[in-house]
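One structure below.
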Amino acid sequence: MTAVSTLTIRDLSKRYRGRSGVQANDGISLDVAPGSVVGLLGHNGAGKTTLVNQVVGLVRPDAGTIRIDGVDAIAQPHLARKLVSIQAQSNVPITGLSPRLAIELVGRIRGAARGDVTRRTEYLIDALDLGPWADTPAEKVSGGIARLTAFAMTAVVPGHVVVLDEPTNDVDPVRRRLLWEQIRILADDGAALLLVTHNVREAERVVDHLVVLDVGKVLAADTPAGLAEPLRGALTVELDLTPGAAAPAWPSIVTPVADAGPGGSRLRATGTVRPEDAADLVRWAQEQVNARRIERYALTPASLEDVYIRLTGLEQTADGADEGTARPQVAADPETGSTTGGAA
Amino acid sequence: MTAVRQTLLLAQWQFRRQSQALPLVIVVQVFLSIATVLGYGLLIGNPTPEFALYLATGAPTITLISVGLIMTPQVVAQSKTEGSLDWMRTLPVPRPLFLFSDLLVWSLLALPGMVLGVVAGVLRFHVTLSIAPWIVAAALLVSVTSAAVGEAMATLLPPAVAQIITQMLVFIVLLFTPVSFPADRLPGWLATAHEYLPVEPMAQLIRAGLAQDHFSMPGRALVVLILWCVASVLGAVAALRHRQ
């Protein structure tokens, strides 16, 4: 990437001690430049949270370097903390406070003047549509509002580096859009954003660069377009299989991504198909529906999510691991523009 | 200046987060403080005037120690369990300020109990106090030391273990530490051990501060206490700086 990175991570490794001895990070390198959003994707346990906890000085790496604005964050975590603000993966409990008070207090603890903090808080409450809950005791607000409050606590006085760990969890679709907008604005105002997310579909529109982690290693790193390149022009086909019926074999025009498990343990199969074969595929799929071998099928443009699943999911299948549990957790979001068919 | 501001803001955060439980905490503190005085009274019957002073001055000492050694670790353990401690530690705040803000909050909360404990002691045992002008500084030294020990314990130990140890400490401080009785009642080995542990010097300091006409603070005990204070603050800060 560019040479003027705000956050530079090189060969970062961390193994947790103890009986399990997990190698959480294994030689990770990445850069986040000012004004850009870098998405960090990976399964649960891929090492994402360990990585961000090292950036903010909660976890000490075994090897490697982290530099923030040139500061060695491992040797001088107290200086690094001044340059980083983080939204943690789990919500910060703020019972006893209201969202507004929590946001303001954090802003002032981070050293900003009271008047600036008040104005910035008001702006964020308005921009995230938190108004109705801003002065409600925190114990009475929903998980989504708490999540947005945690984001605002991070963004009220943003660091040069802003780390967001799953910021969209539990947030309703309307406010999620507002949240993505604010995330983009933080970057446009010059912050370097490191965004940990499972929400591949939505992140695709906001991130400038993506890093895919798997078992502590960088599996792929590129722009969204670069990562999607191998699947450019391909369509994804998804089958919902009929319980109890034998799974139909794919026609030769389909490249399988994930097959039904042995003995029908999984009721979904996914593959990709070239656009020029789409008509044939729809004909084939409709026959399967009519024969009651599948419940429904869907044909969608191949997305980054498919790339991600290919990168991480296929490997697991090839290893003979249980693909069903290895699949990443992605937001179930009704995608527009999909072709859907099913038994009439 | 920034440090003071940050300490006060952190204290405000902690104070408000506890606001629901606050009235109950104060009531329990007052209750414990008075109950210690009255309970010892029942155990002892009618004490001699000198021993009555031990009882009357022991109650506030126990309150001070219990705030640092018992309540601080319980709050830290709780915030560790609910997950707020790690996030708070990502804020650009010098680590000692976490200790000082916790201490400020809990000392304020313990204040009513401490004062009422002294009043209860005076009334119950008909003693006359002679308060030294340095009593506030003495109380501060005692609470900083015990809170630092408590904070270090809670930061380094798993929450469940920290909770059990604090509960054990209550009994040890109440029954096997020369706070409300003279050290010569203890078996020799235990009395010797207490010459190197922090609690007896704490009791001696508060006793001398509240009844300076009858008790004085041995220089050696003051040195032991100051050493403990420095060591425990350094230990607590090291614990707060600790990275996994």
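FYI, it's all coordinate maths here, none of it is from the lab. Computed from a predicted structure; not experimentally measured. A quick note on method: Cβ atoms are made from the backbone with ideal geometry, for glycine too, and the neighbour counts reach across all protein chains shown.
Things worth noting here:
- Extreme residue, positive dipole direction of the protein assembly as shown, given options A:Ala285, A:Ala150, B:Val144 (C-beta unit charges): B:Val144
- For chain B, the Cα-based Rg and Dmax, in that order, read 17.9, 55 Å.
- Shielding score for A:88-99, defined as the mean number of other chain Cβ atoms within 10 Å: 5
- Most fluctuating residue given options A:Gly21, A:Gly271, A:Gly143, as computed from a GNM of chain A linking Cα atoms under 10 Å: A:Gly21
- Bridging of A:Lys14 to lysines at a Cα separation below 25 Å is possible for A:Lys48, A:Lys82, A:Lys217, B:Lys80, once same-chain residues fewer than 8 apart are set aside.
- As a ratio to 2.2 N^0.38 Å, the alpha-carbon radius of gyration computed for segment A:5-51 takes the value 1.30.
- Beta bridge orientation in chain A: antiparallel %, DSSP, nearest 5: 70
- Under 5 Å from the amide H of B:Ser130 lie the amide H atoms of B:Ala211, B:Gln212, B:Asp213, each residue being 5 or more positions distant or on a separate chain, with H modelled from the backbone and absent for Pro and chain starts.
- Across segment B:172-178, coupling constants 3J(HN,Hα) worked out from phi with the 6.51/-1.76/1.60 Karplus curve, θ = phi - 60°, read 4, 5, 5, 10, 10, 10, x Hz, and Gly and Pro carry x.
- In this Cβ point-charge picture (+1 for Lys and Arg, -1 for Asp and Glu), segment B:2-241 has a dipole of about 480 debye about its Cα centre.
- For chain A, a crude dipole built from +1 on the beta carbon of Lys and Arg and -1 on the beta carbon of Asp and Glu, taken about the Cα centre, is about 960 debye to the nearest 20.
- Ranked packing of A:122-130, B:130-138, B:200-208, A:220-228, most packed first, by mean Cβ within 10 Å: B:200-208, A:122-130, A:220-228, B:130-138
- Around the amide H of A:Thr242, modelled in the peptide plane, lie the amide H atoms of A:Ile294, A:Glu295, all under 5 Å away and 5 or more residues distant in sequence or on another chain.
- Relative contact order, whole percent, for chain A stands at 18, derived from Cα pairs under 8 Å and 6 or more residues apart.
- Mean sequence separation of contacting Cα pairs (under 8 Å, at least six apart), scaled by the length of segment A:63-134, corresponds to a relative contact order of 20 percent.
- About the Cα centre, charge dipole magnitude for the protein assembly as shown (Lys/Arg +1, Asp/Glu -1 at Cβ), debye: 1480
- Remark: segment A:146-155, residue by residue, has Karplus-estimated 3J(HN,Hα) of 4, 5, 5, 4, 4, 5, 5, 5, 7, 8 Hz, where x stands for each Gly or Pro and the curve is 6.51 cos²θ - 1.76 cosθ + 1.60 at θ = phi - 60°.
- Looking at the protein assembly as shown, the DSSP beta bridges with both ends there are about 70 percent antiparallel.
- Scattering profile of the protein assembly as shown at q = 0.06 Å⁻¹ [log10 I(q)/I(0), Debye over alpha-carbon scatterers]: -0.44
- The order of the peptides A:229-242, A:24-37, A:93-106 by mean Cβ neighbours within 10 Å, most packed first, is A:93-106, A:24-37, A:229-242.
- Per-residue HN-Hα couplings for segment B:130-137 [Karplus 6.51, -1.76, 1.60; θ = phi - 60°; Hz; x = Gly/Pro]: 10, 7, 7, x, 8, 4, 5, 4
- Estimated from helices alone, the mean residue ellipticity of chain A at 222 nm is -9500 deg cm²/dmol (sum of -39500 (n - 2.57) over DSSP H runs with n ≥ 4, per residue).
- Computed on segment A:97-211, with alpha-carbon pairs under 8 angstrom and 6+ residues apart, the relative contact order is 27 percent.
- Debye-sum result for segment A:1-99 in log10 I(q)/I(0), which assumes one identical scatterer on each alpha carbon, at q = 0.14 Å⁻¹: -0.58
- For A:Leu210, the amide hydrogen comes within under 5 Å of the amide hydrogens of A:Gly39, A:Asp222, A:Thr223, counting only partners 5 or more places away or on other chains and with H modelled in the peptide plane.
- Shown here is the pair-distance distribution of chain A: with all Cα-Cα distances grouped in 10 Å bins from zero up to the longest one, the shares run 5, 23, 28, 23, 14, 6, 1 percent.
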